[in-house]
Amino acid sequence: MAARAYWQGQIRLALVSIPVEIHTATKSGAVISFKQIHEPSGKPVHYEKVVTGVGPVDPDEIRKGYEYEKGSFVLLEQDEIDAVKLDSKKTLELTQFVDASEIDVLYYEKPYFVVPADDLAEEAFIVLREALRRAKKVGLGQLALRGREYVVSLKPCGRGMILETLRYADEVHKSQGFFRDIPDQTPDPDLLDLATALIDKKTAAFHPQDYHDRYIDALRDLVERKRAAKGAHIVEDAGEDKPAKGGNVVDLMAALKKSMERGAAAAPAASAPAKPPAKKPPAKSLAKAKAEPKPDDAPAPRKAARKRA
């Protein structure tokens, strides 16, 4: 059975309308949910809708209200809200096309799959998909979904297309306020070479299935140990891996070299048979080769680590 569409309507480009459906492309991950418990009785805590001076009220008596001034509200029925006319409720009109690189990653919010609504829509759908692919552009428009209107982008994806909701400009913080105090300086070339080599050594293809939520696993393990201990207090040692605060107490060059050497030690052996050590001297690690100066060269002075407050 096909999944129920999240939205049904049409994509309009000038005078061309294409009936489509969009489906959610993501799902919520595993979560550990907790309830508030009254410890003396061991029973869950419940919540009631309460009005000041009245007490608990019937849910059927509750309406949505907009506070236009302190203590004064306009009450709205749900059918009044649903009747608000907006073309983008049923039509996504593509009003602009841009290069994908022009949209900062901060603006992307949530992806959806876009498919033709029926067989008659397939031809126009494919033409639009391939035109976007050939032009290497992303279509932009606005679409009303579940109580608000979004800016959305549309781009090809395999045989279908991907629609992504975008944040408005006033929903994104300006980075300057956070990055202003970071000094604009050129790093030490030797440190940069070592860091780049470490990145190269750890570069590999991205496989999403290789990652999972380790915090959820740890919580499940804690729950099982708590059950086995019959409620005894269990606290993990929180003293490990605390980030150092204050100054730059770590020798960055030494730390990068150690990281390189650790990576070399963990690397799998070459497929060719190893030769006896007596016949071939051990190879120097990249980190050691970088650290040792040539005989005719004077060692470059190391820059002092800048202490940060």
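The values are calculated or read from the model by the stated rules, or taken from the named source; none is laboratory data. Every value quoted in this text rests on a predicted model; they were computed, and no experiment measured them. In this analysis, Cβ positions are derived from the backbone assuming ideal geometry, glycine residues included, and neighbour counts consider all displayed protein chains.
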Candidates 50, 114, 84, filtered to the one that is within 17 Å of residue 150 (Cβ to Cβ) and free of Cβ contacts under 8 Å to residues at least 40 places away in the same chain: 84
Quick one: how many residues across region 28-65 are over 23 Å from residue 77 (Cβ atoms), out of contact with any Pro (no Cβ under 8 Å at 6 or more places or on another chain) and among the acidic types (Asp, Glu)? 1
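The rows are residues; the columns are (1) exposed (fewer than 10 other Cβ atoms within 10 Å of the Cβ); (2) within 25 Å of residue 172 (Cβ to Cβ).
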{"position": "25", "(1), (2)": "no, yes"}
{"position": "29", "(1), (2)": "yes, yes"}
{"position": "39", "(1), (2)": "yes, no"}
{"position": "57", "(1), (2)": "no, no"}
{"position": "72", "(1), (2)": "yes, no"}
{"position": "78", "(1), (2)": "yes, no"}
{"position": "88", "(1), (2)": "no, yes"}
Look through region 209-230, keep the residues that are of a type outside the set (Gly, Ala, Ser) and outside any helix (DSSP H, G or I), and return whichever of them is nearest to residue 32 (Cα to Cα). 213
Condition set modelled with pLDDT under 90 and either of a type outside the set (Gly, Ala, Ser) or surrounded by 10 or more Cβ atoms within 10 Å (Cβ to Cβ) (or both), scope region 158-177, selection farthest from residue 136 (Cα to Cα): answer is 176
Need pairs with beta-carbon distance below 8 Å; first residue closer than 18 Å to residue 21 by Cα and within region 128-154, second among the basic types (Lys, Arg) and not in a loop (DSSP other than H, G, I, E, B); sequence gap 6+ or separate chains. 139/155; 144/89
Within region 32-69, how many residues are more than 24 Å from residue 224 (Cβ to Cβ), among the charged types (D, E, K, R), out of contact with any strand residue (DSSP E or B) (no Cβ under 6 Å at 6 or more places or on another chain) and assigned to a strand (DSSP E or B)? 1
